[in-house]
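**Student:** Take this structure, written in structure tokens, and hold onto it; I'll ask about it next.
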Amino acid sequence: NEIKMAVIARYPCRPKILLYLMLCISSLYQNGLILSDAASDNNDDSSAGEVYAYHPAEFVTSYRSFRNELAEASVDDTTCKDPTVNKRKVSRKKLTVAAVQMRSSSNSSENKNDAKSFFERATSAVERAVVEHNATLVLLQELFLGPYFCQSQDERLFALAEISDENPFLTAMRELAERLQVVLPISMYERKNNAYYNSVVMIDADGSILGTYRKSHIPDGTGYQEKFYFTPGDTGFRVFKTAVGNVGVGICWDQWFPEAARAMALQGADVLLYPTAIGSEPQDPTLDSADHWQRVMQGHAASNMVPVVASNRVGTEVLLNEDGTEKQRITFYGRSFITDETGKMVAEASGGSSVDIISYEIDSEKNRAVRVAWGLFRDRRPELYGILQTKDGVTKL
């Protein structure tokens with residue numbers, strides 16, 4: 001992976017040289033002469049059992065420090081400015097989606113609170129998804145820039161929120177999307193005046209921002225105290241017309257609500273994306289919702305005849321008290337997956353590596369034709385569904 005990054009930095013605006021060298025590198029690791037990141041991770045059993053422990057205050061300090069570093073950095077030298085550069089072609093007829101699953105970990109104990117490592121691992125994973133999987137859309141997990149910080153209520157963590165227009169992480173991701181010609185739905189903790197949202201910003205393959213979706217359903221329970229941090233979203237369910245197709249996105253708890261999936265399907269979504277952070281329940285360690293979690297989204301795919309992509313984090317994250325003792329932990333179960341339009345699972349992350357990437361090619365035009373032929377949307381009776389506008393089955397809102 002370091003070789004690939006070096007090649008990209010050396011020849012950013014030489015697409016033919018870049019493609020040739022990438023093919024050479026791929027051939028080397030396919031023949032066992034060098035190991036890919038995935039092969040290295042899968043051979044490293046220690047990563048699967050690693051526990052990531054963090055102090056909220058220390059992570060906030062790390063985050064703000066790296067944020068300022070990014071904000072002050074000059075324009076990336078790898079940005080291609082030559083208008084004659086032949087960029088790879090992306091098509092709305094077929095899209096290759098990739099889901100990234102990352103374990104919260106660091107290369108050394110002294111960097112465990114370093115937000116920079118989260119960011120660099122995410123951008124490296126996007127590079128790998130494009131180069132190794134030919135992905136035209138890459139989904140990263142929910143709040144991938146750090147540990148899942150909603151385990152308990154700590155007002156210091158509001159400092160992680162960013163104003164979209166002033167977010168240097170978003171700027172860096174826009175440059176990455178443009179350089180790689182890839183669509184990137186970016187999960188972020190968004191601040192808008194006095195409101196704080198769990199959001200996804202949709203970046204198109206040319207680096208432009210198509211809009212923002214704000215999480216509609218906000219959970220509240222032991223270990224998942226999101227109502228303390230997030231305002232319920234006000235955007236409604238959205239579908240973005242990207243260079244590779246119509247993309248609908250929900251966030252984590254949204255995935256349990258069939259109304260959200262149907263709303264996006266009605267707007268013409270070619271694929272439904274769900275960046276996620278879900279795992280064990282601290283109040284009941286015996287509860288395992290992983291199978292249920294997958295089945296509910298497979299149901300969305302089947303009932304709407306639209307493929308689903310879910311990216312979850314994996315591994316154990318331990319929240320520490322001020323004195324360094326354990327306060328609480330969650331083991332995120334990973335199991336990121338992709339379905340076809342019938343709900344059949346076509347790819348699932350293994351969970352054994354620190355970074356896992358899965359992919360699948362979607363034929364959007366073919367799916368649309370099959371969906372129309374089934375008549376599911378033709379035979380809907382929305383005039384009979386008024387009860388869905390109630391909470392108690394009686395009183396309309």
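**Student:** Enter the accessible area of Arg156 (Å², nearest 10), with the probe set to 1.4 Å and all protein chains included.
**Tutor:** Spelled out: Arg156, probe radius 1.4 Å, area about 90 Å².
**Student:** Can you give the extra length, in nm with one decimal, that the chain gains between Ala73 and Ser208 once fully stretched, where that is 0.36 nm per residue apart less the Cα-Cα distance?
**Tutor:** Working: separation 135, 0.36 × 135 = 48.60 nm, distance 2.03 nm.
Extra length from Ala73 to Ser208 when fully extended: 46.6 nm.
**Student:** Highest first, please rank the peptides 296-306, 158-168 by the mean number of other Cβ atoms sitting within 10 Å of their residues. Write out the running numbers ahead of the final one.
**Tutor:** Details: 296-306: 20.3, 158-168: 15.8.
Highest-to-lowest ranking by the protection proxy: 296-306, 158-168.
**Student:** Going by a ≥ b ≥ c, the root eigenvalues of the Cα gyration tensor, does the stretch 142-281 fall in the rounded group (a/c under 1.5), the prolate group (a/b larger than b/c) or the oblate group? List each step's numbers first, then the result.
**Tutor:** Numbers: a/c = 1.90, a/b = 1.24, b/c = 1.53.
Judged from the Cα gyration tensor, the stretch 142-281 comes out oblate (a/c at least 1.5, b/c at or above a/b).
**Student:** Using the beta-carbon distance between Ser152 and Lys192 and R0 = 22 Å, what value does 1/(1 + (r/R0)^6) give for FRET efficiency, to the nearest 0.05? Write out the running numbers ahead of the final one.
**Tutor:** Numbers: r = 24 Å, r/R0 = 1.10.
That pair, Ser152 with Lys192, gives E of 0.35.
**Student:** Multiply the residue gap between Leu287 and Lys344 by 0.36 nm, knock off their C-alpha separation, and tell me the result in nm, one decimal place. All intermediate terms of the calculation are to be shown ahead of the outcome.
**Tutor:** Numbers: separation 57, 0.36 × 57 = 20.52 nm, distance 2.49 nm.
Length difference between fully extended and current span is 18.0 nm.
**Student:** What is the distance, in nm, between label points placed 7 Å from the Cα along the Cα-to-Cβ direction at Glu326 and at Ile163?
**Tutor:** 4.1 nm
**Student:** If you count only protein heavy atoms with a 1.4 Å probe, what accessible area per residue comes out for the stretch 280-397, rounded to a whole Å²?
**Tutor:** Numbers: 6200 Å² over 118 residues.
I get 53 Å² per residue for the stretch 280-397.
**Student:** Further question: Under a no-solvent Debye model with one identical scatterer per Cα of the stretch 206-282, what's log10 I(q)/I(0) at q = 0.26 Å⁻¹?
**Tutor:** So the normalised log intensities are -1.25.
**Student:** Ignoring ligands, DNA and RNA, what accessible area per residue does the stretch 166-267 give at 1.4 Å, in Å²?
**Tutor:** Working: 3520 Å² over 102 residues.
Accessible area per residue: 34 Å².
**Student:** For the stretch 137-187, calculate the relative contact order in percent as a whole number, restricting contacts to Cα pairs under 8 Å that are 6 or more residues apart.
**Tutor:** Details: 24 pairs, mean separation 35.0, N = 51.
Relative contact order comes out at 69 percent.
**Student:** Next question, about the same structure. Quick one: dipole size for the stretch 250-340, taken about the Cα centre, charges +1 on Lys/Arg Cβ and -1 on Asp/Glu Cβ, in debye to the nearest 20.
**Tutor:** For the stretch 250-340, the charge dipole is close to 260 debye.
**Student:** Okay, moving on. By the gyration tensor of its Cα atoms, with a ≥ b ≥ c the square roots of the eigenvalues, what is the shape of the stretch 94-187: rounded for a/c under 1.5, prolate for a/b over b/c, or oblate? Spell out each step's value before the answer.
**Tutor:** Working: a/c = 2.04, a/b = 1.54, b/c = 1.32.
Verdict is prolate for the stretch 94-187.
**Student:** Then there's this: Please calculate the 1.4 Å probe accessible area of Thr339, with all protein chains present, and give it to the nearest 10 Å².
**Tutor:** 0 Å²
**Student:** In the structure displayed, which of Lys215/Lys241; Lys227/Lys327; Lys116/Lys227; Lys192/Lys391; Lys94/Lys116 lie more than 31 Å apart, Cα to Cα? Mind dumping the intermediate values first?
**Tutor:** Working: Lys215/Lys241 19 Å; Lys227/Lys327 20 Å; Lys116/Lys227 27 Å; Lys192/Lys391 29 Å; Lys94/Lys116 34 Å.
In this structure, Lys94/Lys116 lie more than 31 Å apart at Cα.
**Student:** Sort 197-210, 268-281, 57-70 by packing, meaning the average of other beta carbons within 10 Å per residue, with the highest value first.
**Tutor:** On the way: 197-210: 21.1, 268-281: 24.7, 57-70: 16.6.
Final packing ranking: 268-281, 197-210, 57-70.
**Student:** Also, quick follow-up: For the stretch 246-324, calculate the relative contact order in percent as a whole number, restricting contacts to Cα pairs under 8 Å that are 6 or more residues apart.
**Tutor:** On the way: 96 pairs, mean separation 25.9, N = 79.
After rounding, I find 33 percent.
**Student:** Quick one: grab the alpha carbon gyration tensor of the stretch 257-397, order the square roots of its eigenvalues as a ≥ b ≥ c, and give me rounded if a/c is under 1.5, else prolate or oblate depending on whether a/b is larger than b/c.
**Tutor:** Oblate.
**Student:** If the label point is 7 Å along Cα→Cβ of Arg378, which residues in the stretch 278-320 have backbone nitrogen under 20 Å from it?
**Tutor:** 302-306
The values are calculated or read from the model by the stated rules, or taken from the named source; none is laboratory data. Note that the coordinates shown come from a computational prediction; the quantities given were computed from them, not determined experimentally. Counting neighbours? That spans all protein chains shown, and the Cβs are built from the backbone with ideal geometry, glycine included. Calculation scope for accessible area: heavy atoms of the full protein, side chains included, ligands and nucleic acids excluded. Shrake-Rupley method; radii C 1.70, N 1.55, O 1.52, S 1.80 Å.
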